[in-house]
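Trainee: Okay, handing you the structure first.
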Amino acid sequence: MFIPINNVYFKPSKQDTIKIGSPFKIPNGYARIIPNSISLARSREELSTTKLEFPNSELKSILDTKKASLTLLPTLDCNLRCIYCYSKGGENKINMTKNIAKSAINYIKSLSDSDSLELGFHGGGEPLMNFNTVAFAANYSKEIFKEVYITLTTNGTVSKSKLEWIIDNCDMVRISNDGLAQDIQRPIARDKNSSQIVENNLKSIIGSDVRSMVQCVVTEKTISTMKDSIRYFHNLGLKYVKLEPAYVTNWTRGEQNMNPIVGTFVDTLLETLDMIVDENLDMKIDTGLFSRPTLGAYCGVHGSNFIVTPEGYVSSCPEVGLKNHELADTMIYAKLTEDGNLESAEKKLSKLKMMHFSNYPKCSDCDLKLVCRSGCSAKNINEKGFSYQPSEVACKMEKLFVPELLSRILLNPKYADVVMENHKLITY
């Protein structure tokens, strides 16, 4: 099947169509992937037997949303010293001013006729260490937008008053918590344990009306704790966990031997999903390796992200918050001044928009391209430069994991409920 891709976020320059929908072999059967649908069967001839569908009505509501979006990185300061931190949080104590936050909100408002704003507070550091600016931005947004949906990424080591603010103001909270490896991997500065305060705060958030999830990073040293960490989160009442392999590079904290061996990580992840299904745990796992098949880009780094750093630079990647970051020349594409003006680099933005999987020659014939969409651009550039080549590590992980997962879904539909939302399983 050939399908036009002119209607995706941007039009790739190298081709206007991509080939999709060819059947491919998986353990115990065959699969076919097209946008919003995955067909599975024991034989090639029976590929319509079982189908995973993502309803067009739900997809349409996502694509047609007119909500404005803004992410602020309030600070690079942090009270933790996580051993793999992508921004070496706490080593740079740079805080966003209220004026920069106000200018960012005003700029987004000037671009949109929407009355709704999705306002995110993300790391670089612990956002709530610059609480005055965070609270100001939340309140100011509510003055000029009728509806503000607030998301927060936090390390969870917050005071009682800040916890109350989270529960009163946030709609979605992502807490970084490494489960049984928390104290080993995410110590408080001066080598103090962080697990108990994070657990206490996590319980309070889980017990509130705020939607919550945990992001759990797995290193080579602590990969054996993955299954028990999931049981730990389940016992706390948590429903959503993102399991992510550590990715230590030249710009992060830590040594690269912390990165899990690809095969070991995939095997342990699959064993963890097996455990969730076997023990009937009511949990959703974001593997970062499997998602709704789509013609869209992997993430907003391709031009839709408007992420304002503490110094007022505009980045397409939340992990690139400093002007001297190794990827800043690629990912930082504008500068927001305190008087509200935007100094942009259109050539950089145009280049970012080309990072769609259809422009990656190695991905053109891959059966999984609609699921992985060439993966994280930051990882790709780190390993391959700006060459339209996917990360070898991520690519290998994808090709090991996805066929095994699809095989499990074919044999037991419960796996689909663990790794996906808003899907329908149809059996003919």
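The values are calculated or read from the model by the stated rules, or taken from the named source; none is laboratory data. Note that this is a predicted model, so its numbers are computed, not measured. Reconstructed Cβ throughout: ideal geometry from the backbone, glycine too, with neighbour counts over all protein chains shown.
Trainee: So which of Gly125, Gly120 ends up being assigned to a loop (DSSP other than H, G, I, E, B), closer than 24 Å to Glu199 by Cα and not hydroxyl-bearing (Ser, Thr, Tyr)?
Mentor: The match here is Gly125.
Trainee: Taking the condition part of a loop (DSSP other than H, G, I, E, B), surrounded by 19 or more Cβ atoms within 10 Å (Cβ to Cβ) and β-branched (Val, Ile, Thr), does Val320 pass?
Mentor: Here the answer is yes, as Val320 does meet what is asked.
Trainee: If you take the residues of region 187-198 that are in contact with a helix residue (DSSP H, G or I) (Cβ under 7 Å, 6 or more places away or on another chain) and in a helix (DSSP H, G or I), which of them is surrounded by the most Cβ atoms within 10 Å (Cβ to Cβ)?
Mentor: It comes out as Val198.
Trainee: Just one of Ile105, Ile150, Ile184 is of a type in the set (Val, Ile, Thr), surrounded by 20 or more Cβ atoms within 10 Å (Cβ to Cβ) and assigned to a helix (DSSP H, G or I); which is it?
Mentor: Being of a type in the set (Val, Ile, Thr), surrounded by 20 or more Cβ atoms within 10 Å (Cβ to Cβ) and assigned to a helix (DSSP H, G or I) holds for just one of Ile105, Ile150, Ile184, which is Ile105.
Trainee: Go through (1) small (Gly, Ala, Ser); (2) without any contact (Cβ under 8 Å) to a residue 60 or more places away in the chain; (3) at positive phi and name the single condition Gly124 misses.
Mentor: That leaves (2) as the condition not met.
Trainee: What are the residue pairs meeting all of these: first residue in region 30-43, first residue on the phi > 0 side of the Ramachandran plot, second residue of a type outside the set (Phe, Trp, Tyr) and part of a strand (DSSP E or B), Cβ atoms under 8 Å, and 6 or more apart or on different chains?
Mentor: The qualifying pairs are Asn36/Glu53.
Trainee: So for region 374-394 (the condition being buried (at least 20 other Cβ atoms within 10 Å of the Cβ) and touching a strand residue (DSSP E or B) at 6+ places or on another chain (Cβ under 8 Å)), does at least one residue qualify?
Mentor: No; the residues of region 374-394 include none that is buried (at least 20 other Cβ atoms within 10 Å of the Cβ) and touching a strand residue (DSSP E or B) at 6+ places or on another chain (Cβ under 8 Å).
Trainee: Which residue pairs have Cβ atoms under 7 Å apart, sit 6 or more places apart or on different chains, and have a first residue in region 215-227 that is assigned to a helix (DSSP H, G or I) and a second that is among the aliphatic types (A, V, I, L, M) and surrounded by fewer than 22 Cβ atoms within 10 Å (Cβ to Cβ)?
Mentor: Thr225/Leu180; Lys227/Met275
Trainee: Identify the residue in region 110-124 that is within 17 Å of the chain's Cα centre (by Cα) and among the small types (Gly, Ala, Ser) and, among all such residues, is surrounded by the most Cβ atoms within 10 Å (Cβ to Cβ).
Mentor: Gly124
Trainee: Being within 19 Å of the chain's Cα centre (by Cα) and assigned to a helix (DSSP H, G or I): is that true of Val301 here?
Mentor: yes
Trainee: Quick check on my filter: what residues within region 384-419 are at pLDDT below 90 and out of contact with any Phe, Trp or Tyr (no Cβ under 8 Å at 6 or more places or on another chain)? Spell out the reasoning first.
Mentor: Of region 384-419, the ones at pLDDT below 90 are 384-388.
Scanning region 384-419 gives Lys384, Gly385, Phe386, Ser387.
Trainee: Go over the candidates Thr294, Thr249, Thr268 one by one and state the one that is polar (S, T, N, Q), within 22 Å of the chain's Cα centre (by Cα) and not in a loop (DSSP other than H, G, I, E, B).
Mentor: Thr268
Trainee: Starting from region 183-211, keep only residues that are closer than 15 Å to Lys162 by Cα and of a type outside the set (A, V, I, L, M, F, W, C), then list their pairs with residues that are in a loop (DSSP other than H, G, I, E, B) and modelled with pLDDT of 95 or more whose Cβ atoms are within a distance under 7 Å, requiring at least 6 positions of separation or different chains.
Mentor: Close Cβ pairs (under 7 Å, with a partner that is in a loop (DSSP other than H, G, I, E, B) and modelled with pLDDT of 95 or more) amount to Asn201/Gly156; Asn201/Val158.
Trainee: Also: Would you mention how many residues in region 74-102 are outside any strand (DSSP E or B) and closer than 25 Å to Asn193 by Cα?
Mentor: Total meeting the criteria: 19.
Trainee: Are there any helices (runs of 4 or more DSSP H) wholly within region 324-401 with 3 or more residues that are without any contact (Cβ under 8 Å) to a residue 60 or more places away in the chain and over 30 Å from Ile100 (Cα atoms), and if so which?
Mentor: By residue number, 377-384.
Trainee: On to the next question. Out of curiosity, is Pro293 under 28 Å from Leu352 (Cα atoms) and of a type outside the set (S, T, N, Q)?
Mentor: Considered against the rule, which asks whether it is under 28 Å from Leu352 (Cα atoms) and of a type outside the set (S, T, N, Q), Pro293 comes out as yes.
Trainee: Taking region 275-289 on its own, how many of its residues are in contact (Cβ under 8 Å) with a residue 60 or more places away in the chain, in a helix (DSSP H, G or I) and either crowded, with 19+ Cβ neighbours inside 10 Å or charged (D, E, K, R) (or both)?
Mentor: 1
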